[in-house]
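Asks: Sharing a structure here in structure tokens format.
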Amino acid sequence: MMIKSYNYKIRQETGFSLMELVVSIAVMGILTLVGYGVIALNSMTFNMVNTGTIQRWDIRKAMQMMRHDCQMIDPNKLIGIPSNGNKANRIAFQTIDGNVIRYRRNGSNVLQRRLDAGNWTTLVDNLTVKPFRHLDINLSPTPTEADVKFIEVELS
């Protein structure tokens, strides 16, 4: 008897099954969402830090300008302290070189400066407090211009 030998080629299948594709797409979706969340959080954090840095820089610049202006005040020429309720919102004085400098906080919480009759220049936005307090020799608030010995400035 003769035995026949059959050679069957076993066919190798290539590719991915549907289940493997679905699982890999789901994993990629989850990784994409996590990556997007990390990027969005970093972007939001950067914007908050950048905004805070810019605001602090504006306040430092305004304080430096105000410090220089106050060093130039002619002590006998403090002018323009309003007698009404706005005295904490503005101040005006003449410098030793004859210039008149005015500071004000306008209705939109913006600190502005004007030199002589020039235009108002914005120094700081979004003030949360009244910037000026007029103090007497005992560091107590004073309503009268003649008693002012100190000016306290708070920018926040």
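The values are calculated or read from the model by the stated rules, or taken from the named source; none is laboratory data. Here the structure is a predicted model, which is why all the values come from computation and not from measurement. No Cβ is skipped: glycine too gets one built from the backbone with ideal geometry, and neighbour counts run over all protein chains shown. Calculation scope for accessible area: heavy atoms of the full protein, side chains included, ligands and nucleic acids excluded. Shrake-Rupley method; radii C 1.70, N 1.55, O 1.52, S 1.80 Å.
Asks: How many residues does region 105-156 contain that are open to solvent by less than 60 Å² (accessible area, probe 1.4 Å), of a type in the set (D, E, K, R) and not in a strand (DSSP E or B)?
Replies: 1
Asks: Here's another thing I want to ask about it. Does Val124 meet the test of being modelled with pLDDT of 75 or more and under 25 Å from the mean Cα position of the chain (by Cα)?
Replies: yes
Asks: Sticking with this structure for a sec: Restricting to region 139-155, give me the number of residues that are hydrophobic (A, V, I, L, M, F, W, C) and at pLDDT 75 or above.
Replies: Within region 139-155, residues that are hydrophobic (A, V, I, L, M, F, W, C) and at pLDDT 75 or above number 4.
Asks: Taking region 84-103 as the region of interest, how many residues are polar (S, T, N, Q) and without any contact (Cβ under 8 Å) to a residue 12 or more places away in the chain?
Replies: 2
Asks: Within region 104-122, can one find any residue that is touching a helix residue (DSSP H, G or I) at 6+ places or on another chain (Cβ under 8 Å), in contact (Cβ under 8 Å) with a residue 12 or more places away in the chain, under 28 Å from Thr142 (Cα atoms) and hydroxyl-bearing (Ser, Thr, Tyr)?
Replies: no
Asks: Scan region 12-23 and report the pairs whose first residue is modelled with pLDDT of 80 or more and whose second residue is assigned to a helix (DSSP H, G or I), with Cβ atoms within less than 9 Å and a gap of 6+ or a chain change.
Replies: What qualifies is Phe16/Ser24.
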